[in-house]
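Following: one structure in C-alpha cells, then a few remarks.
Every read-out reported here was derived from the displayed coordinates using simple, explicitly stated rules and does not represent laboratory data. Source: prediction; values computed, not measured. As a convention, Cβ positions derive from the backbone with ideal geometry for all residues, glycine included, and neighbour counts pool all protein chains shown.
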Amino acid sequence: MEYYSQEQRAFQKTIRDFFENEVNPHVDEWEKARIFPAHRIFKRCGELGMLGINYDEKYGGAGLDYWWTAAYCEATGYSCQCNGIPMAIMVQTDMCTPALHEFGSEELKQRWLVPSIKGEAVGAIGVSEPCAGSDVFAIQTSARRDGDFYVINGSKIFITNGTQADYITTLVKTDPSAGHHGFSLIVVPTTTPGFSVAKKLEKVGNHSSDTAELLFEDCRVPVANRIGDEGMGFIYQMKQFQKERMVASLSAAAAAQAMLERTLRYTKDRKIFGKPLAAKQHVQFTLAELQTEIEMLRQLNYHCVRMMVAGEESTRETSMAKLVAGRLARKVADWCVQFHGGYGYMDEFLVSRYWRDARLLSIGGGADEVMLQIIAKLDGYSDR
C-alpha cells in the first residue's frame, strides 16, 4: 500500500540526496570531533524546506499536514549515516519551536521562529535538569518576576544543540505554590548575561550531536520572551512531547529498516564454512522476524499520523509507538552487530554506530517506563 503522494516521494528524494551528498561524506569526521556545524547544516535544511513543514506560511513554513512530517522523518532516518544529526535537526523542528509557533506572541515568532525555519538560528529545548529528567514536575530552575523582566536561576542538563544554540526554549518554575500551573516556557537567548555552557557532555553514542549542561545565573530575560500565558508552560511542554515522541518513532523505524537491509547484504556476501551466512535458517528467520516487527512499528506509526491529521487525541498511541520504537531499535541493533561478527564491533562498520546511537531511544524524550506509566494510566491500569 502506498502511503505517500508523488509530491511527498519527491520531497523524500530531495532529503535523501541532501544527506547522501552533503552530510554522509562528513559524518565520520563529525563523529570524531563530537560536533557538527549546526548553523551551516541547518541553513541548508531551511533552504530545502525541512524546518517548517507544519508551520504557517507567513512565518516561512510550508503549512502542510503531518503526513509530510512523516515522510521527512522516514527519509531522514533511512538516509543519514548517524542518528545525532537527525536528532539535532528534530530538536529544531519538533521540540524547541512547536510551542513558539502555537502560543508565542507575534514579536517572538518574528524574532525566533522565522529565523529558525530559515535555518538562520539554532535552537535547543531546556527541560531536563540534574535532578529532574522524566519527572518534569521536579524541575527547580526558577524565574522570578522583576518588573518587565524574569530573573532566571538554575541549570539544565543533557541539552542537544546546547553548545551551538542561539536560544533555549526553557521550562522554568514561576510559581512554586501553583502545582502544574506554576511553570512557564521562556525563550532565553544564549547571549543573555549570566547564561553559560557549564560543560560539554561526552556520550556513549550520537557523537556528532553536541550535548551540554547549561547554567543560568541571574539571567534577566524580558517578560515578552515568555511563550503564551504564565503558568501554562507545563501544559505546553506535555503537548510538545507528543510531537517529539512521534518523530523519534518514525525516524527509528526507518533507521532500523536501513540497518536491516545493510545487514542482509552483508550476510549474503559473508561466507562461513563455504556458504553465505544468509543461507543459515537461523539468520533467515531472525531477519524475517525483525522485518515483521519493523513493519508492525511502521503501521502503528501511520495509525498515529492518521489520528494526528484528523485532530484526534493520540497520546496513548504515540506513547505506544515510542515504547516499541526504543525497544525495537535496540533489538535490531544488537542482531545487526551479532550477524556482522567481529566486524560489527569495529568503528569502521556503520552497524556499530547504529548500536551505540540506538540505546538513547529508550531514554530520551521519555523513558520506556514513563511510556508504560502513561499507557497504564490512560487504559485504567493505574490511577497515578
Check each of the GluC sites (Glu not before Pro) in the stretch 196-231 and keep only those in coil by DSSP with at most 13 other C-beta atoms within 10 angstrom; list them in order.
E202
Cut-off is 10 Å between beta-carbons; in what order do T69, T286, T292, T170 appear when sorted fewest neighbours first?
T292, T286, T69, T170
Could you point to the residue in A252, S319, L264 farthest towards the positive end of the stretch 235-378's charge dipole, with +1 and -1 charges on the Cβ of Lys/Arg and Asp/Glu respectively?
L264
Take R316, R226, R330 and order them by how many other Cβ atoms sit within 10 Å, fewest up front.
R316, R330, R226
Gaussian network model of the chain, springs between alpha carbon atoms under 10 Å - residue of Q338, Q81, Q237 with greatest fluctuation
Q338
Whole-angstrom gap from the stretch 38-75 to the stretch 133-206, using each part's C-alpha centre
26
Could you work out the relative contact order of the stretch 123-230? I mean the mean sequence separation of Cα pairs under 8 Å and 6+ apart, divided by the number of residues, in percent.
31
Computed over the chain, the relative contact order (Cα-Cα under 8 Å, seq sep at least six) in percent reads 16
Name the GluC sites (Glu not before Pro) in the stretch 281-326 that are in a loop by DSSP and that have at most 14 other C-beta atoms within 10 Å, would you?
E312, E313
Return the calculated 222 nm mean residue ellipticity for the chain, to the nearest 500 deg cm²/dmol, obtained by summing -39500 (n - 2.57) across DSSP H runs with n ≥ 4 and dividing by the residue count.
-15500 deg cm²/dmol
Going by Cα centres, the stretch 215-253 and the stretch 286-346 are how many Å apart?
26
Quote the relative contact order of the stretch 235-378 in percent (integer), defining contacts as alpha-carbon pairs under 8 Å separated by 6+ residues.
30
Pairs from K118/K173; K203/K322; K32/K268; K173/K243 whose Cα-Cα separation, in the structure shown, is over 27 Å
K118/K173; K32/K268
Percent of all Cα-Cα pairs per 10 Å bin for the stretch 6-118, counting from 0 up to the last occupied bin, reads 14, 47, 30, 9, 0
Among all the aspartates and glutamates, which ones have a C-alpha under 18 Å from K13's C-alpha, if same-chain residues fewer than 8 places away are not counted?
E2, E22, E47, E74
